[in-house]
Each structure stands twice: as structure tokens, then as C-alpha cells.
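The values are calculated or read from the model by the stated rules, or taken from the named source; none is laboratory data. Bear in mind that the values here come from a model prediction, so they are computed numbers and not experimental data. Because the Cβ atoms are built from the backbone with ideal geometry, glycine has one as well, and the counts that use them run over all protein chains shown.
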Amino acid sequence: MKKLILMLLFGRSVLLAPDLNEFGAGVTEIPLEAPLEAITSGAHFKIDVSEYVSLKDGMIDVYEKTEGRFKNKVIKIELFPEDGKGVLLNYSGGISIGKNSVGLILVGPDGRVPVGVKYKKAFLYTDTPLKGVKVFWVNYSK
């Protein structure tokens, strides 16, 4: 119950590196203005890929076009604390469709991210170039 209250009161998403919206195939560091920390284990990344589909299409069409474009693509972000082992969040087919955006959802192992760890570095790994995208950390507290 405590986690639910924390998420409802403090949970939000934050746009990371607003000036960085293109990623070539390979590894790119995402500059962080402040450390990232999960307030619940359900924290995740959302990569807004709205540039790749027309939001005027119906929800099923948007889903199918997004799924088709990114199916079998490797897209992941690894977070590193100052000390210790990193945690890898993967895109494995999760898609978020809203009124004004479409996003790929990257989740941690078993859908979980360790709570109470301050992550100071983030690296995006992809086997396909991404252009016109925005990267969000979801479940963020200031």
C-alpha cells in the first residue's frame, strides 16, 4: 500500500537529455542532469517514437505499425550506480499508446528495477538508428 501511495503522490516521468533525439546504431551515453532512482520496482524507460507512425490512424493500426517497425530490434538502456553492478532495461515488445504519443517500453529483469539505488550513468544500446525520439524515465521523484 505504501508503494502505491508513493507512486500516486510522487510518480511522474522526466524527459532525459531533451537535446538528444537521435541515436545511431551502437552505444550512446544519455547525459543525466541528476541521478535516477526508482520509487517503485515498476520504474521503466519510455522511448517516444511518435515520429514513426501517424497518430491519426486507429489505435490498432498504430500498434501494428509500431510493432512491425520495431519487432526483432535490439533496444536497451543500461543504468549504472556509482558503485556496483548496472541494471539492464530491455525493449521486448511493450508499447504505450496515448492521445499524443507512442512509446516503446523498456523494463528491467523480470519487469523490476532495484529501488533505493541512485543511478548516475545511462547508456542506450540499439541495433537500429533512432531519429526524432525522446527518452523518458517513468516513475521519477524529485
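Are there any pairs, at least 6 apart or on different chains, whose C-beta atoms fall under 9 Å, with the first in the range 17-45 and on the phi > 0 side of the Ramachandran plot and the second part of a loop (DSSP other than H, G, I, E, B), and if so, which?
Going by the 9 Å Cβ cut-off, the qualifying pairs are Ala17/Pro31; Ala17/Leu32; Ala17/Glu33; Gly26/Asp127.
Name every residue in the range 114-142 that is part of a loop (DSSP other than H, G, I, E, B), under 22 Å from Val27 (Cβ atoms) and either touching a Phe, Trp or Tyr at 6+ places or on another chain (Cβ under 9 Å) or among the hydroxyl-bearing types (Ser, Thr, Tyr) (or both), in order of residue number.
Thr128, Pro129, Gly132, Val133
Looking only at the range 54-112, which residues are of a type in the set (A, V, I, L, M, F, W, C), part of a loop (DSSP other than H, G, I, E, B) and within 21 Å of Tyr125 (Cα to Cα)?
The answer is Val74, and nothing else.
Out of Asn90, Asn139, report the one residue that is at pLDDT 95 or above and under 11 Å from the mean Cα position of the chain (by Cα).
Asn90
Taking the range 14-28 as the search range and keeping residues that are surrounded by 15 or more Cβ atoms within 10 Å (Cβ to Cβ) and within 16 Å of Gly103 (Cα to Cα), which one is farthest from the chain's Cα centre (by Cα)?
Restricting to residues being surrounded by 15 or more Cβ atoms within 10 Å (Cβ to Cβ) and within 16 Å of Gly103 (Cα to Cα), the top hit is Phe23.
Would you mind finding the one in Phe70, Phe123 that is within 16 Å of Ala17 (Cβ to Cβ) and touching a residue at least 12 places away in the same chain (Cβ under 8 Å)?
Phe123
Going through Lys85, Lys99, Lys65 one at a time, which residue ends up being farther than 19 Å from Phe136 by Cβ and exposed (fewer than 13 other Cβ atoms within 10 Å of the Cβ)?
Lys85
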